[in-house]
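Okay, so here's the structure we're looking at.
The values are calculated or read from the model by the stated rules, or taken from the named source; none is laboratory data. Predicted model, so just to flag it, every value in this text is computed and none were measured. For neighbour counting, all protein chains shown are included, and Cβ atoms are generated from backbone atoms with ideal geometry for every residue, glycine included.
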Amino acid sequence: MASPGSNKESDKWNERYQSKGQTVATANLSPAYVLHEFQHLLPVEGLALDLASGLGANALFLAQHNLQTHAWDISSVAIEKLNAAAKSLDLNLNTEVRDIVARPPEKNSFDVIVVSHFLDRQIIPDIIAALRKNGLLFYQTFTRAYVQESSPINETFRLGKNELLSLCEDLDVIVYREEGLIGDTDSGFRNEAIFIGQHN
């Protein structure tokens with residue numbers, strides 16, 4: 001497991017994950033809605049990446065579905081906790097402490113990529129290019145139109161209306177959902193957008 005060294009971004013996330021004081025297994029975290037709800041779209045085999053994995057609930061879920069799974073995050077603390085959780089669940093993960101903005105995934109390298117609650121627009125073309133033919137991108141993150149206030153407050157890290165569709169326009173759209181503030185906002189899927197696209 002390689003380490004990118006200390007910087008302000010990694011220090012910030014290390015402090016945040018250290019404060020949680022638990023592993024994924026004891027935290028009982030669930031995978032992203034987009035992955036759990038549409039797990040039937042996953043291939044029966046292949047190489048998967050949980051990008052900006054955090055404590056790795058998505059990575060554990062992918063590994064439980066018999067995919068060869070990689071998990072990358074800038075936080076060494078998060079990766080350490082993920083490794084402990086994978087070991088306790090007897091799952092084989094390939095983890096890496098990695099600054100994914102400085103070192104995005106290589107071209108044509110994964111059958112499935114999952115991104116949840118992370119947004120850096122400059123690397124989305126790299127993420128799309130990293131998909132193999134017929135590969136799937138599962139993406140879920142916060143929108144600027146929201147019912148309940150949640151992190152991040154900075155609108156730079158929130159999606160504009162239908163922005164995820166335009167950012168991923170080079171992929172065939174399989175699933176898209178963004179309900180915004182329409183209708184009864186006490187119901188439905190609010191605060192976030194989800195997208196599943198396929199590389200053609």
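Remarks
- Top-ranked residue in the range 75-114 [being of a type in the set (A, V, I, L, M) and closer than 23 Å to F195 by Cβ; ranked as surrounded by the most Cβ atoms within 10 Å (Cβ to Cβ)]: V114
- Total residues in the range 46-90, condition free of Cβ contacts under 8 Å to residues at least 24 places away in the same chain and either under 20 Å from I123 (Cα atoms) or not polar (S, T, N, Q) (or both): 3
- Any hit, the range 108-119, residues being over 21 Å from F61 (Cα atoms), in contact (Cβ under 8 Å) with a residue 12 or more places away in the chain and among the small types (G, A, S): no
- Only strands (runs of 3 or more DSSP E) whose full extent lies in the range 22-118 are considered here, and the ones with at least 1 residues that are modelled with pLDDT of 95 or more, touching a Phe, Trp or Tyr at 6+ places or on another chain (Cβ under 6 Å) and not charged (D, E, K, R) are 47-51, 110-116.
- Look at the range 164-178: where a residue is among the polar types (S, T, N, Q) and part of a strand (DSSP E or B), no partner that is surrounded by 14 or more Cβ atoms within 10 Å (Cβ to Cβ) and modelled with pLDDT under 95 sits 6+ places away or on another chain with Cβ atoms under 9 Å.
- Hey, F118 crowded, with 20+ Cβ neighbours inside 10 Å and of a type in the set (F, W, Y) or not: no
- When the range 110-126 is filtered for residues that are farther than 15 Å from W72 by Cβ and touching a helix residue (DSSP H, G or I) at 6+ places or on another chain (Cβ under 6 Å), the ones remaining, listed by number, are L119, I124.
- Residue within the range 102-114 that is of a type in the set (A, V, I, L, M, F, W, C) and over 21 Å from G135 (Cβ atoms) present: yes
- From the list A63, A52, A57, the lone residue that is farther than 17 Å from H117 by Cα, of a type outside the set (S, T, Y) and surrounded by 20 or more Cβ atoms within 10 Å (Cβ to Cβ) is A63.
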